[in-house]
1. Give the accessible surface of the chain per residue, rounded to a whole number of Å², with probe radius 1.4 Å and ligands, DNA and RNA excluded.
2. Packing-wise, with mean Cβ within 10 Å as the measure, how do 38-49, 2-13 rank, highest first?
3. From the list (1) 12.5; (2) 12.1; (3) 13.1, can you say which value of Kirkwood radius over Cα pairs in Å was derived from the structure given?
4. I'd like to know which of HIS54, GLY23, THR39 lies farthest towards the positive end of the charge dipole of the chain, counting +1 on Cβ of Lys and Arg and -1 on Cβ of Asp and Glu.
5. How much length is gained if the chain between ASP6 and HIS54 is pulled fully straight, taking 0.36 nm per residue apart and subtracting their Cα-Cα distance, in nm to one decimal?
6. Applying the Karplus parametrisation 6.51 cos²θ - 1.76 cosθ + 1.60 with θ = phi - 60° to the phi angles of segment 26-31, what ³J(HN,Hα) value in whole Hz is obtained for each residue in order, glycine and proline being reported as x?
7. Residue-wise, which Karplus ³J(HN,Hα) couplings in Hz belong to segment 37-42, taking 6.51 cos²θ - 1.76 cosθ + 1.60, θ = phi - 60°, and x for glycine or proline?
8. Taking amide H positions as placed in the peptide plane 1.01 Å from N, state which residues far from ILE35 in sequence (5 or more) or on other chains have amide H under 5 Å from it.
Amino acid sequence: MSKYIDKLPEARRRIFIMRMEEGKSVNEIAQELGISPKTVETQIARAKSFLKEHVSGLLYLAFIIALNL
């Protein structure tokens, strides 16, 4: 999963890590970075969407490959 997190744009990756790995609140992140809480929420949602698309795609591919074995 970390290789996909590394593919996120730098600012989005930083926000995602602060929230998911460091456990900071949306308001803490917003205050620390000098951005609005809404921006933090949007960036987290976009990061999750990107990861879901890529991880789901890989799981789907693994399923297809497994069916063909």
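The values are calculated or read from the model by the stated rules, or taken from the named source; none is laboratory data. Owing to the predicted nature of the structure, the values given are computational and were not obtained by experimental measurement. Neighbour counts are summed over all protein chains in view; Cβ atoms, including those assigned to glycine, are modelled from backbone coordinates with ideal geometry. Remember, those area values only see protein heavy atoms, side chains included, never the ligands or the DNA or RNA. Shrake-Rupley method; radii C 1.70, N 1.55, O 1.52, S 1.80 Å.
1. On the way: 5010 Å² over 69 residues.
With the other protein chains kept in place, the chain gives 73 Å² per residue.
2. Details: 38-49: 15.6, 2-13: 11.9.
My ranking of the peptides, most packed first, is 38-49, 2-13.
3. Label (3) holds the value from this structure.
4. It is HIS54, whose Cα lies furthest towards the positive end.
5. Working: separation 48, 0.36 × 48 = 17.28 nm, distance 1.25 nm.
Additional length available on full extension: 16.0 nm.
6. Calculated HN-Hα couplings, in order: 4, 5, 4, 5, 4, 5 Hz.
7. Once rounded to whole Hz, the list reads x, 5, 5, 4, 4, 4.
8. Here the answer is none, since no amide H 5 or more places off falls under 5 Å of that of ILE35.
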